[in-house]
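K.L.:
This structure is in structure tokens; I'll ask about it shortly.
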Amino acid sequence: MKVKAAVFYRPQQPLAVEELDLEEPRAGEVLVRVAACGVCHSDLHFLDGLVPLPSPCVLGHEAAGVVERVGEGVTYVQPGDHVILSFAPACGRCSYCEVGRPNLCTYGGRAMAAGTMLDGTTRLSRDGQPVYHEAAVAGFATHAVVPEASVVKIREDMPLDRAALIGCGVMTGVGAAINTAKVQPGSDVAVIGCGGVGLNVIQGAALAGAARIIAVDLLDHKLELARQFGATDTVNASREEPVTAVRRLSAGGVDYAFEVIGRPETIRQAFDMARRGGMAIVVGLSPSGSHVSLPANIFLMEKTITGSAYGGARPRVDMPRLVELYMAGKLKLDELISRVYPLERINEAFEALRQGEVARSVISFL
Ligand code: PAD
Ligand code: ZN
């Protein structure tokens, strides 16, 4: 079938919105009509050439839609089901999947790096030449073929544009607080970077019962949003030194410090903001080849530094829970959507993200 998609050809060049060929789903795959796909900073890293990606490639990994057809052997969904797309394809059989960490799946990781489905091939093409799929989702397109394991069935009264945000930013942020850090009630938290993902770390920490949540950003309007999402204190790092400020506000350092930007300097800041016995959690994706340097003897203070991939998501457990929280009025999603764009204006959406104008923009196909 023909689909309309936003195609990445090379860094520093706008995405091209054009018609591509999409094959039918093969065994164990699902064809989804995309309803909406959020614009995440990870895609901007690819566009800016900071992280490599095979090309040409259809970007977009924060999507939700409606199942249109299923391939042979698919039993989990049927046409008409509403689904969120997971951006971490999982095989269900490797040791990571078996142990309950599908976000680290061996074969999913390979497929993501190769820009393919789990079998190493693409379903997208143009003039007979393969076009790659970002994260086996390729959500900036009218339709997507994805592995069965990448779809998460959700209730049909959940608005699909809100559901799309759960596919990356919300799962990653809330999951980093709840699954990775396991934020304790009454604890102190700092979050560096209050964009689409960082705001969700803040609301995840608030859901977990953190007492003090210190938001750090360079932009006052992001810090205002951070308060709406549960921050109790704010630090504008363009005006004051953030480590000193956070230590002052938290009586010496926080229990959990999250880095949600993707820069070695701010990873170091997060580490320095954590108190003795505290934890720094790196969520941001830094430019390929970056390194962070840490003072060696500080580990005797039992500080931990860890990464968080997709908020430790177990998609079919966590995502329906996030949907329930939204439907119960306990998770903010409406407030995350700053702008809605049609696919044709996707480059404007990326420019708005680059300029720090938005919490999240959504490309809507509705
Ligand atoms: P975003 O651009 O919406 O937010 C970044 C925020 O950081 C903005 O509000 C900036 O103003 C702020 N900022 C920039 N520099 C500084 C600084 N020096 N000090 C304080 N604040 C600053 O991005 P996003 O929220 O979409 O993504 C954030 C990162 O998370 C990005 O690196 C992305 O690739 C990564 C990510 N990781 C995963 C994962 O699985 N770990 C998933 C999704 C996104
Ligand atoms: Zn993302």
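The values are calculated or read from the model by the stated rules, or taken from the named source; none is laboratory data. The structure presented is a predicted model; accordingly, all values stated were derived computationally and were not measured. With ideal geometry, Cβ positions are generated from the backbone for all residues, glycine too; neighbour counts draw on all protein chains shown. Keep in mind that these areas ignore ligands, DNA and RNA; they rest on the heavy atoms of the full protein, side chains included. Shrake-Rupley method; radii C 1.70, N 1.55, O 1.52, S 1.80 Å.
K.L.:
Take the chain, connect every pair of alpha-carbon atoms lying under 10 Å apart with a spring to form a Gaussian network, then pick out the residue of Gly49, Gly196, Gly230 with the largest mean-square fluctuation.
P.N.:
Gly49
K.L.:
What is the distance in Å between the Cα centres of the stretch 19-63 and the stretch 267-284?
P.N.:
32
K.L.:
Same structure, new question: Calculate the dipole size of the chain relative to its Cα centre from +1 charges on Lys and Arg beta carbons and -1 charges on Asp and Glu beta carbons; express the result in debye to the nearest 20. Walk me through the numbers on the way to the answer.
P.N.:
Numbers: 35 positive and 40 negative charges, 171 e Å.
So the dipole magnitude of the chain works out to roughly 820 debye.
K.L.:
Now a separate question. Take Glu348 and Arg110, extend 7 Å from each Cα along the Cα→Cβ direction, and tell me the distance between the two endpoints in nm.
P.N.:
4.3
K.L.:
Using a 1.4 Å probe on the protein heavy atoms, what percent of the accessible area of the stretch 133-177 belongs to carbon and sulfur? Each step should come with its number before you reach the end.
P.N.:
Working: 370 of 780 Å².
Solvent-exposed carbon and sulfur of the stretch 133-177 make up 48 percent of the total.
K.L.:
Report, in debye and to the nearest 20, how large the dipole of the stretch 179-244 comes out about its Cα centre when Lys and Arg carry +1 and Asp and Glu carry -1 on their Cβ. Before the final figure, lay out each step's value.
P.N.:
Details: 5 positive and 7 negative charges, 47 e Å.
About 220 debye.
K.L.:
If you don't mind, another one. When the accessible area of the stretch 1-96 is computed with all protein chains present and a 1.4 Å probe, what percentage of it is carbon and sulfur?
P.N.:
Values: 1880 of 3750 Å².
C and S fraction of accessible area: 50 percent.
K.L.:
Something else now. For the stretch 224-247 and the stretch 85-100, what is the separation of their Cα centres, given in Å?
P.N.:
36
K.L.:
Once you put a point 7 Å from the Cα of Arg276 and another 7 Å from the Cα of Gln129, both along the Cβ direction, what distance in nm separates them?
P.N.:
My value for the distance between the label points is 6.1 nm.
K.L.:
In the stretch 96-188, which GluC sites (Glu not before Pro) fall in coil by DSSP and have 10 or fewer other Cβ atoms within 10 Å?
P.N.:
Numbers: sites: Glu98, Glu134, Glu148, Glu156; in loops: Glu156.
Of the GluC sites (Glu not before Pro), the ones in loops of the stretch 96-188 whose Cβ has at most 10 other Cβ atoms within 10 Å are Glu156.
K.L.:
I've got another one for you. Whole-Å semi-axes of the chain's equivalent ellipsoid, largest first, each the root of 5 times a Cα gyration tensor eigenvalue?
P.N.:
On the way: eigenvalues 230, 84, 77 Å².
Taking √(5λ) for each Cα gyration eigenvalue gives 34, 20, 20 Å.
K.L.:
When the chain is fully extended, how far beyond the present Cα-Cα distance does Leu294 get from Val317, taking 0.36 nm per residue of separation?
P.N.:
Values: separation 23, 0.36 × 23 = 8.28 nm, distance 3.54 nm.
Net length gain for the segment: 4.7 nm.
K.L.:
Another question, then. Where the Cα atoms of the stretch 188-328 are projected onto their three principal axes, how long is each span, largest first, in whole Å?
P.N.:
So the extents along the principal axes, rounded to whole Å, are 45, 30, 28.
K.L.:
Can I ask one more? From the Cα gyration tensor of the stretch 252-297, with a ≥ b ≥ c the square roots of its eigenvalues, which class applies: rounded if a/c is under 1.5, or else prolate if a/b is larger than b/c, or else oblate?
P.N.:
Numbers: a/c = 2.79, a/b = 1.58, b/c = 1.76.
Oblate, because a/c is 1.5 or more while a/b does not exceed b/c.
K.L.:
Under the rule a/c < 1.5 gives rounded, and otherwise a/b versus b/c splits prolate from oblate, where does the stretch 1-106 land using the Cα gyration tensor?
P.N.:
Numbers: a/c = 2.06, a/b = 1.26, b/c = 1.64.
Verdict is oblate for the stretch 1-106.
K.L.:
Based on Cα positions only, what radius of gyration and what Dmax would you give for the stretch 200-259, in angstroms?
P.N.:
Taking only Cα atoms of the stretch 200-259, I get Rg and Dmax of 10.7, 30 Å.
K.L.:
Another question about this same structure. Report, as a whole number in µm² per second, the diffusion coefficient that Stokes-Einstein gives for the stretch 231-282 at 25 °C and 0.890 mPa s using the Kirkwood radius over alpha carbon pairs.
P.N.:
Numbers: Rh = 11.0 Å.
Rounded to a whole number, D works out at 224 µm²/s.
K.L.:
Can I ask one more? Using all alpha carbons of the stretch 266-353, what is the percent of pairwise distances in each 10 Å bin, ordered from the shortest bin to the longest?
P.N.:
Per 10 Å bin, starting at 0, the Cα pair percentages come out as 13, 25, 32, 24, 7, 0.
K.L.:
What residue among Ala215, Ile337, Gly65 has its Cα farthest toward the positive end of the dipole of the chain, where the charges are +1 on Lys, Arg and -1 on Asp, Glu, each on the Cβ?
P.N.:
The listed residue farthest towards the positive side: Ala215.
K.L.:
So what is the accessible area of the chain per residue, in Å², with the probe set to 1.4 Å?
P.N.:
Working: 14710 Å² over 366 residues.
Result: 40 Å² of accessible area for each residue.
K.L.:
Anything over 26 Å Cα to Cα? Flag those among Lys222/Lys332; Lys153/Lys222; Lys182/Lys332; Lys153/Lys330; Lys2/Lys332, in the order listed.
P.N.:
On the way: Lys222/Lys332 15 Å; Lys153/Lys222 32 Å; Lys182/Lys332 20 Å; Lys153/Lys330 20 Å; Lys2/Lys332 36 Å.
Check vs 26 Å cut-off fails for Lys153/Lys222; Lys2/Lys332.
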